[in-house]
Amino acid sequence: MRGHWRTPVAAVLIILGCVLAPLSVLGVWTANQVSDTGRYVANMAPLIKDPAIQNALTNKITNEIVTQINVKGLTGQAAAELSQKGLPRIGGLLQGLSGSLASGVQGFVHSHVYKIITGPRMAAAWTQVNRVSHQALVAALSGRGAGLGAVGVSNGQVTLDLAPLVAVAKQDLAARGLTVVNKIPTVHTTFALFPSKDLVKAQKGYRLINDLKIVLPILTLVLLALGVLAARGHRRALIGAGLGFAASMLVLGAGLAIARIVYLNSVPASVLPADAAAAAFDILVRFIRTALRTLLVVGLVVAVGAFFTGPSAAAAATRSAFSSGFGWLRRGGESAGLSTGPVGRWTYAHRRALRLGAVALAALVFVFWGRPTAAVTIVIAAALLVVLGLIELIG
């Protein structure tokens, strides 16, 4: 019975590590994308370039400007003044054209606002708005000042103040001849980000995960490492840990898919069109998706690597095939007069240390890459295989 405790303990440790892995991804995302201004702006910047978001902003700003201009009201006043000055027929004719004039002005404003929204000036203004609003967003999430600055809570939604964007639109419209917009006061129309009922949840999650943003990843890796070390079969445990880690990333992906459905169902079409809401969600969580795909590949690479270094028939046959191939290359080179000489002898004598060093170097490259993607992970793994092959070949 001696040592039988190791298997269940190892299993529990690995399972706990795999459970904490998705939380670690969310914690790091929260810290990097929400608490860091530069990364927050980089996360929000693509929104202004999405067609659905552009259409939603165009409609929102157009409606606000047209409402403030009040073409029908201005036409009615002008018709009344003409009637008072003895021109009732002209006044009546002008009054009858008020609907057409309002429609024409709205079309003019909408077409030019769309050009402004899709132009470089608005992209720069959008970046500036999000940079300025970042501190307010962090304040809202941390609970120190929800509703301060450009981010607030209105009509059940956490909103972003579009006043700077409306100001840019007014300047361009005035430059194009619609000078009446200069009389419009500062307009604080808003753009919905997410339901305010989720703000309390976001605040709780932000505080908890922000406090654990460093602890969670470290704890995850420690639990997985302890699970592998505690197991009676380290290699099999490493395979299980790699596959479990990859599976936890699939669970995170499924969770994001469910969260997307819940979010879209919670946003009324009157607040934000469905296509714009979907685009906003997909853009805002794209870094999480990149991270989970990358870590999924990492888990699979670790599992595959552990498997092919094991004693199974398939692993042994694969290693034997590679060894035979390298042997054939060496013999071919020697028959052609090539020899690695002292370098080959030294490589053979230190081959174990060189293999460990190559693996450690690959791990360091991955860790310090910055924002590694799944493709980067695959390239690093392929480069490691090439280096290990060269060690075998030269030695």
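The values are calculated or read from the model by the stated rules, or taken from the named source; none is laboratory data. Bear in mind the structure is a predicted one, so any value in this text is a computation, not a measurement. Accessible surface areas use protein heavy atoms only, side chains included; no ligands, DNA or RNA. Shrake-Rupley method; radii C 1.70, N 1.55, O 1.52, S 1.80 Å.
A few notes on this one:
- Rounded to whole numbers, the Karplus 3J(HN,Hα) couplings from phi for segment 383-393 are 5, 4, 4, 5, 5, 4, x, 5, 4, 5, 5 Hz, using 6.51 cos²θ - 1.76 cosθ + 1.60 with θ = phi - 60°, and x at Gly and Pro.
- Across segment 38-54, coupling constants 3J(HN,Hα) worked out from phi with the 6.51/-1.76/1.60 Karplus curve, θ = phi - 60°, read x, 6, 4, 5, 5, 6, 7, 4, x, 4, 5, 9, 7, x, 5, 5, 4 Hz, and Gly and Pro carry x.
- Derived scalar couplings between HN and Hα for segment 122-132 equal 5, 4, 5, 5, 4, 4, 5, 4, 6, 5, 5 Hz in order, rounded to whole Hz, by the Karplus curve 6.51 cos²θ - 1.76 cosθ + 1.60 (θ = phi - 60°), x for Gly and Pro.
- The residues of segment 220-315 expose, per residue, 48 Å² of accessible area to a 1.4 Å probe.
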